[in-house]
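Read-outs throughout are calculated quantities, based only on the coordinates presented, and are distinct from any laboratory measurement. It should be emphasised that the depicted structure is a prediction, and the values quoted were computed from it without experimental measurement. Neighbour counts run over all protein chains shown; Cβ positions are idealised from the backbone, glycine included.
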């Protein structure tokens, strides 16, 4: 933990989705690789890693040309999402270890939280439903709700606003480089969850904490601690 966060209290928690709440990162990589190869593009591992936290349209333009118009991007995005849905519906997927218990602890302590994801709204709903957590995320900001994707801070600024708190009073859980940069740009503290990127890559982003998953949290991030005190009103 960095000295700057050792004595700060946080009012709310913001969560990314893929790789933080649900362990679908490898499914996304599989879909992107197959999708690209079918269209004559062979992405490197680094390019696949870069899809994490990035909106689909940005990846499509990076791989298939910046001159793609909005209609072409929308059609390609739809094709890609349908392929992902097929995998999501039939492949075994799981919540990130400990996240369900952590959400219940936040609720019990009256600490509000929200989802801030680069996924489309329908993907977020489907993924949360797949692991039985949809009822625990009534407050969601998805790529459908923003103009600029991560690493722009818009998604986390809107998520904090939806909770009625300052982003400076939030702590963000992220697994991706773009997401950590978005959290930083929003003025929030950030926790890097090492489910998708190598730890050495995450360390270079200088997160306030680096954890394996939600079973590995320091005391400052546990509800009721000095660090995570929440608000007066309980989360719905």
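Suppose a student asked you for the relative contact order of the chain, using Cα pairs under 8 Å spaced at least 6 residues apart; what percent would you report?
30 percent.
Considering every alpha-carbon pair of the stretch 25-90, the percent of pairs per 10 Å bin, from zero through the bin containing the longest distance, is 21, 60, 19, 1. Here the residues 118, 143, ranked from fewest to most Cβ neighbours within 10 Å of their Cβ, fall in the order 143, 118.
Helix 177-186 and the long axis of the chain differ in direction by around 50°, with both axes built from C-alpha atoms. Rounded to the nearest 10 degrees, the angle from helix 121-130 to the longest Cα principal axis of the chain is 70 degrees. As a proxy for reagent exposure, ranking 117, 24 by other Cβ atoms within 10 Å from fewest up yields 24, 117.
When the chain is treated as a GNM with alpha-carbon contacts under 10 Å, the residue of 180, 133, 14 showing the greatest mean-square fluctuation is 133.
Over all pairs of different C-alpha atoms, the stretch 1-157 has a mean inverse distance whose reciprocal, the Kirkwood radius, equals 16.9 Å.
Express as a percent, rounded to the nearest 5, the fraction of DSSP beta bridges in the chain (both residues included) that run antiparallel. Roughly 5 percent of the beta bridges in the chain run antiparallel, per DSSP.
Can you sort 128, 68 from fewest to most other Cβ atoms within 10 Å of each residue's own Cβ? So the ranking, lowest neighbour count to highest, is 68, 128. On full extension, the segment bounded by residue 37 and residue 86 gains 15.9 nm, given 0.36 nm per residue less the C-alpha separation. Against the chain, whose longest principal axis is taken from its Cα atoms, helix 25-38 shows a tilt of about 20°.
Listed highest first by mean packing, meaning other Cβ atoms within 10 Å per residue, what order do 15-21, 135-141 come in?
Working: 15-21: 26.3, 135-141: 16.4.
My ranking of the peptides, most packed first, is 15-21, 135-141.
Normalised by residue count, the stretch 55-101 yields a Cα convex hull volume of 103 Å³ per residue. Stokes-Einstein diffusion of the stretch 82-236 at 4 °C, 1.567 mPa s viscosity, Kirkwood radius from Cα pairs, rounded to a whole number: 81 µm²/s.
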